[in-house]
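The next block holds one structure in the form of structure tokens; read it before the comments.
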Amino acid sequence: MPDKKPPFWLGGVAASMAAACTHPLDLAKVRMQTNKSEGPRPGMLRTLGTSISSDGIRSIYQGLTASLLRQLTYSMVRIGSYEAIKDHLTNGRKPTTSQLIISGAIAGGLGGIAGNPADIVLVRMTTDGLRPPEAQRGYRHALDGVWRIVQEEGALALMRGWMPNTANPCRAHDIFPNGNLRCL
């Protein structure tokens, strides 16, 4: 019986489900990185607690739609293209370590490019609450953010920072399954 692979989109859906659970942690990370206050910097729990006490529980999910869009674009492209790239490079033979690394690097780069617009919107949405009210962007959801960036700044603005996004780690579990070195 042939080995049936799951559909490529399943990885994007799974990553989106995980993002829905971990989004408050990502929001805290971004806010901690962009905190410009003097003195000791607040930790993750204090950052989340401050957000909840000042703006309510919904505030820790600010930018969730952008997080979901990022996972749907980045993870779906990365996971979906990886097997196709690996199959193309190996022509049905057992892959070498270099073929696995190249497959992962190309798939990760493609995913990084695909997810970059959502990354930009995600950072803007998660930091919007830190801006003065008159300077807030107020994106209603991720697609509103994408649309407004294109309208106000041009389509190329969605590709700012794409180079670091393409420098993505390859799928190490293919090279080191179960912690064991397979192909080296």
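The values are calculated or read from the model by the stated rules, or taken from the named source; none is laboratory data. On a predicted model such as this, the values are computed, not experimentally measured, just so you know. Positions of Cβ are generated from backbone atoms using ideal geometry, with glycine treated the same way; all protein chains shown enter the neighbour counts. We work out accessible area using only protein heavy atoms, side chains counted, and drop any ligands, DNA or RNA first. Shrake-Rupley method; radii C 1.70, N 1.55, O 1.52, S 1.80 Å.
Tabulated values for the structure
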| quantity | calculated |
| --- | --- |
| Check on PRO164, at pLDDT below 85, part of a helix (DSSP H, G or I) and open to solvent by 40 Å² or more (accessible area, probe 1.4 Å) | yes |
| Some residue of segment 38-47 being part of a helix (DSSP H, G or I), of a type in the set (D, E, K, R) and within 13 Å of the chain's Cα centre (by Cα) | no |
| Test: residue in segment 20-35 that is of a type in the set (D, E, K, R) and assigned to a loop (DSSP other than H, G, I, E, B) | no |
| Residues satisfying the stated conditions in segment 111-137, i.e. open to solvent by 60 Å² or more (accessible area, probe 1.4 Å) and touching a residue at least 40 places away in the same chain (Cβ under 8 Å) | ILE113, VAL123, LEU130 |
| Qualifying position, being loosely packed, with under 12 Cβ neighbours inside 10 Å and in contact (Cβ under 8 Å) with a residue 12 or more places away in the chain, among LYS29, LYS86, LYS5, LYS36 | LYS5 |
| Condition check for GLY108: at pLDDT below 90, closer than 19 Å to PRO164 by Cα and either open to solvent by 70 Å² or more (accessible area, probe 1.4 Å) or among the small types (Gly, Ala, Ser) (or both) | yes |
